[in-house]
Amino acid sequence: MRLYETLRPLIFRLDPERAHGLTIAALKAAPRRPPPSFAPELASTLAGLRFPSPVGLAAGFDKHGEVAGAMLALGFGFVEVGTVTPLAQSGNPGPRLFRLREDAAVINRFGFNSHGQAEVLKRLSRRDRRHGLVGVNIGANKDSGDRIADYAEGVRRMAPAADYLTINISSPNTPGLRQLQDEGALRELLAAVGDARSADGPPVFLKVAPDLAEHEPGQIVRAALDYQIDALIVSNTTVSRPPLRSQHAGESGGLSGAPLRPLALDALRRFRSASRGQLPLIGAGGIGSADDAWERIRAGASLVQLYSAMIYQGPAIARRIAHGLAERLRQAGYRSIAEAVGTE
């Protein structure tokens, strides 16, 4: 943390996207290390997968599957790469990434910039799978004539290299994508995903938006259960704009970071209520401390993911939150994370 606090002013002088690219390059060049060990009470099982820590890295940081091993070594219990599209695409024009320093937030409008499935599959196929869990977040190409077919193709192609797959239909930066959360379109999509899954393939998660009408969590949960989705990730970035202080507050795109916290927490509670505990939930959005993670777990999340907070606090955040969660488990008298899920 102290080292990152020293470096952060220098990093923040750079354009955000350039700084991110340099970070990825540095991680690729760093010596390879094994993942750290975690307190045994932090381990849990979801969809048949054993997670050594409930603190994961959300999609968006390692878009192209280049540094998953490095992030596991830095203390994330699991890493989600992507979003990966069938064909390579450059995404939206820049500038498309903005730091809202006064708000500890980020706005992005990348639009699924991706090296494409073939390139990411090649990289992930070379990793040592004994060193940790890596999920692949899949999406559709912006100019696709059949987005549902794109998702089915992603499931088929990326399954061999993924410990789990995430169907991302909740990014606000690809026009019309969130319409796939509508009940009829969602059921058509999940049916196609189900047909593309193999019996021995990885679990499939669904990532949803926080900007949903009152009735939509129930519809999404019913469809997910009907089509045997293994978990929901709640939630993606928001297009809403709570009060913000930064000069970039008016930029279009998805808002993440601290201002998203109450909206994502409310969405998690709504999905927990709608699912009545029948569908595992993964909490994401605005998590920046052990208290935030603990609140999300007690609200019903079996695992949590973060990304934006790492921009402000550095990569040690994952181990720091994991340590804090272990302390809270001991203070509350729980023997495992699973015992604390949904206890608020």
How big is the charge dipole of region 2-340 about its Cα centre, in debye rounded to the nearest 20, if each Lys and Arg gets +1 on its Cβ and each Asp and Glu gets -1 on its Cβ?
-> 1020
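Using a cut-off of 15 Å between beta-carbons, work out the net charge of the residues near residue 259 (Lys and Arg +1, Asp and Glu -1, residue 259 not included). Working shown, then result.
Numbers: positive: 99, 101, 241, 245, 261; negative: 102, 103, 211, 251, 266, 292.
Overall, the nearby charge balance is -1.
Express the relative contact order of the chain as a whole percentage, based on alpha carbon pairs under 8 Å and six or more residues apart in sequence. Can you show the working numbers first?
Numbers: 724 pairs, mean separation 63.1, N = 344.
With pairs under 8 Å counted, the relative contact order is 18 percent.
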Of the options 265, 72, 210, report the single residue whose Cα projects farthest towards the positive end of the charge dipole of the chain (beta-carbon charges: Lys, Arg +1; Asp, Glu -1).
-> 72
For the chain, which span is the longest to avoid every loop-located (per DSSP) member of chymotrypsin sites (Phe, Trp or Tyr not before Pro) having at most 16 other Cβ atoms inside 10 Å?
-> 13-333
Length-normalised contact order of region 238-344, Cα under 8 Å, at least 6 apart, in percent, tallies to 24
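Would you calculate, for the chain, the mean residue ellipticity at 222 nm contributed by helices, counting each DSSP H stretch of 4 or more residues as -39,500 (n - 2.57) and dividing by all residues, to the nearest 500?
Working: 12 runs with 126 residues, N = 344.
Helices in the chain give a 222 nm mean residue ellipticity of -11000 deg cm²/dmol.
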The farthest towards the positive end of the charge dipole of region 2-340, of the residues 159, 238, 16, given +1 on Cβ of Lys and Arg and -1 on Cβ of Asp and Glu, is 16
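Relative to the Cα centre, what is the charge dipole magnitude of region 18-167, using +1 at the beta carbon of each Lys and Arg, -1 at the beta carbon of each Asp and Glu, and rounding to the nearest 20 debye? Spell out each step's value before the answer.
Values: 20 positive and 13 negative charges, 93 e Å.
Computed about the Cα centre, the dipole is about 440 debye.
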Farthest positive-ward along region 2-340 dipole, Cα basis, beta-carbon charges - from 38, 294, 278 | 38
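Since every read-out is calculated from the coordinates, none of them should be taken as a lab result. If you're wondering where the values come from, they're calculated on a predicted model, not measured in any experiment. Cβ coordinates were reconstructed from backbone atoms using ideal geometry, including for glycine residues, and neighbour counts include every protein chain displayed.
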